[in-house]
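Visitor: Below is a structure I'd like to ask you about.
The values are calculated or read from the model by the stated rules, or taken from the named source; none is laboratory data. Here the structure is a predicted model, which is why all the values come from computation and not from measurement. Cβ atoms come from the backbone with ideal geometry, glycine included; neighbour counts cover every protein chain shown.
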Amino acid sequence: MDIFSHRVYLEAQRTKDDRHIASSLMRCWKSVGMPDFLQLDNELSFRGSNRYPRSFGLVLKLCLFYGIQPVFIPIGEPWRNGVIEHFNDTYNDKFFRRQWFPSYGVLKRQSKNFQRFHNRHHRYSCLKGKTPMEVIQQGNYTPMTLGPNTKLPQLDYIPDGNITVIRFIRSDRKLDIFGEKFEVPKELVCFYVKAVISTEIHALNLYPGNELVETFDYRLTV
């Protein structure tokens, strides 16, 4: 979902395989446009590997390759993705559980129909009663998109860029970055912090607000 307009792009996939997700993201960016940030929960398919937390998976590499900054919400706080969670409820109630899909192909086609209906007709109070397409048309919004023939790049390296991870620091003073723990200053206990992984300089920078308070060495694994 594009938060500016609440326009959605839907694709049904059989699995959470990272290559399927990356391919779907590229098709979305060809249609809806390329974002500056991509907000994600902490699903393993989005980040890579529990065994090698610094190797990063295809989805992260793809974002960095196109200059898109991934932002991971705090662990166990799905309400941080409240807009999309609310849409998931709408999708479930108004579409997915309202009918029987005799095949996977039918589900994929019908999902696209629901996508078009939502974007043209669903009105949001936060958009002052407008539909997503009305917001886009009235705002004369022309996003930058990927070319229609762009292929999924071969990414056997980690591109330069930043990955943001939002975390809540508990009394143990541990910052959890994809399962790896870093000890932080006691002043940060009971605060949310922004941890920014800079892949270019192999560093993990810690911000409780706008001020940098700590830098950790963060050597990446290819």
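Visitor: Kindly indicate which of Asn50, Asn42 is surrounded by fewer than 19 Cβ atoms within 10 Å (Cβ to Cβ), touching a helix residue (DSSP H, G or I) at 6+ places or on another chain (Cβ under 9 Å), closer than 29 Å to Arg219 by Cβ and not hydrophobic (A, V, I, L, M, F, W, C).
Guide: Asn50
Visitor: Continuing with this model, one more query. Can you tell me which residue is nearest to the chain's Cα centre (by Cα) among those in the stretch 74-89 that are within 19 Å of Lys194 (Cα to Cα) and surrounded by 12 or more Cβ atoms within 10 Å (Cβ to Cβ)?
Guide: Asn81
Visitor: Looking at the stretch 166-184 only, could you name the residues that are assigned to a loop (DSSP other than H, G, I, E, B) and farther than 15 Å from Leu60 by Cβ?
Guide: Within the stretch 166-184, Ile169, Arg170, Ser171, Asp172, Arg173, Val184 qualify.
Quick grid of which residues meet (1) over 15 Å from Arg7 (Cα atoms); (2) touching a residue at least 40 places away in the same chain (Cβ under 8 Å):
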site	(1), (2)
Ile84	no, yes
Tyr104	yes, yes
His118	no, yes
Thr131	no, no
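Visitor: Filter the stretch 1-22 down to the residues that are closer than 25 Å to Gln110 by Cβ, outside any loop (DSSP other than H, G, I, E, B) and under 14 Å from the mean Cα position of the chain (by Cα) and list them by number.
Guide: Asp2, Ile21, Ala22
Visitor: Would you confirm, using the coordinates I've provided, whether Phe72 is under 15 Å from Thr164 (Cβ atoms) and not charged (D, E, K, R)?
Guide: On the way: under 15 Å from Thr164 (Cβ atoms): yes; not charged (D, E, K, R): yes.
It is true that Phe72 is under 15 Å from Thr164 (Cβ atoms) and not charged (D, E, K, R).
Visitor: Looking at the stretch 123-165, which of its residues are touching a Leu at 6+ places or on another chain (Cβ under 9 Å) and assigned to a loop (DSSP other than H, G, I, E, B)?
Guide: Taking the stretch 123-165 and keeping what is touching a Leu at 6+ places or on another chain (Cβ under 9 Å), we get 134-135, 152-153, 155, 158-163, 165.
Those that are touching a Leu at 6+ places or on another chain (Cβ under 9 Å) and assigned to a loop (DSSP other than H, G, I, E, B): Leu152, Pro153, Leu155, Ile158, Pro159, Asp160, Gly161.
Visitor: Among the residues of the stretch 108-126, write down those that are hydrophobic (A, V, I, L, M, F, W, C) and modelled with pLDDT of 95 or more.
Guide: Passing the criteria: Phe114, Phe117.
Visitor: If you go through the stretch 185-222, how many residues are farther than 24 Å from Leu60 by Cα, assigned to a loop (DSSP other than H, G, I, E, B) and in contact (Cβ under 8 Å) with a residue 24 or more places away in the chain?
Guide: Summing the residues that are farther than 24 Å from Leu60 by Cα, assigned to a loop (DSSP other than H, G, I, E, B) and in contact (Cβ under 8 Å) with a residue 24 or more places away in the chain in the stretch 185-222 gives 2.
Visitor: Please go through the stretch 36-54 and pick out each residue that is closer than 10 Å to Phe178 by Cβ and either in a loop (DSSP other than H, G, I, E, B) or of a type in the set (Val, Ile, Thr) (or both).
Guide: Asn42, Gly48, Ser49, Asn50, Tyr52, Pro53, Arg54
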